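The values are calculated or read from the model by the stated rules, or taken from the named source; none is laboratory data. Everything quoted here is computed from the prediction, not taken from an experiment. All Cβ positions, glycine included, derive from the backbone under ideal geometry; neighbour counts span all protein chains shown.
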């Protein structure tokens, strides 16, 4: 039997949150609101800058995980999950593609927001 998209998202979120800390959990909980207010590209740039400059590893970790997931779901649009290539792909996207990518980011984050605190609680 084939996995549903929800099962795939859940499994990926479970794997991604295996070694999360409270900063990761808090970031995951806040990202959907940040994306709604600022947009996906702005939030990805923010995470890259915050993780690089401030040394906040949870920002880099979550950003890489989300880029990897989105690149897997949209291989024809996002061929590479490296930050620069990822951002270039988003900038070159048609509006409908960009909306679909953003919607998938929200769907994946819903699972991460649930799995990360659950994984922390089990420790």
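For the stretch 98-113, give me each residue that is more than 16 Å from residue 5 (Cα to Cα) and touching a helix residue (DSSP H, G or I) at 6+ places or on another chain (Cβ under 9 Å).
Across the stretch 98-113, the qualifying residues are 98, 113.
Test of understanding: among 18, 28, which residue is touching a residue at least 12 places away in the same chain (Cβ under 8 Å), at negative phi and surrounded by 21 or more Cβ atoms within 10 Å (Cβ to Cβ)? It would help to see each step written out before you state the result.
Numbers: 18 fails: surrounded by 21 or more Cβ atoms within 10 Å (Cβ to Cβ).
28 is the lone residue from the list that is touching a residue at least 12 places away in the same chain (Cβ under 8 Å), at negative phi and surrounded by 21 or more Cβ atoms within 10 Å (Cβ to Cβ).
For the stretch 45-61, what are the residues that are part of a helix (DSSP H, G or I) and touching a helix residue (DSSP H, G or I) at 6+ places or on another chain (Cβ under 6 Å)?
47, 48, 50, 51, 58, 59, 60
Here is a yes/no grid of residues against (1) in contact (Cβ under 8 Å) with a residue 60 or more places away in the chain; (2) crowded, with 18+ Cβ neighbours inside 10 Å:
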residue	(1), (2)
48	no, yes
63	no, yes
75	no, no
81	no, yes
85	no, no
91	no, no
107	yes, no
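Within the stretch 19-36, does at least one residue satisfy the condition of being within 22 Å of residue 114 (Cα to Cα), out of contact with any helix residue (DSSP H, G or I) (no Cβ under 6 Å at 6 or more places or on another chain), at pLDDT below 95 and not in a helix (DSSP H, G or I)?
yes
Take the residues in the stretch 71-85 that are touching a helix residue (DSSP H, G or I) at 6+ places or on another chain (Cβ under 6 Å) and in a helix (DSSP H, G or I), then tell me which one is farthest from residue 99 (Cα to Cα).
The residue in question is 83.
Looking only at the stretch 48-71, how many residues end up being within 16 Å of residue 88 (Cα to Cα) and either modelled with pLDDT of 95 or more or touching a strand residue (DSSP E or B) at 6+ places or on another chain (Cβ under 6 Å) (or both)?
7
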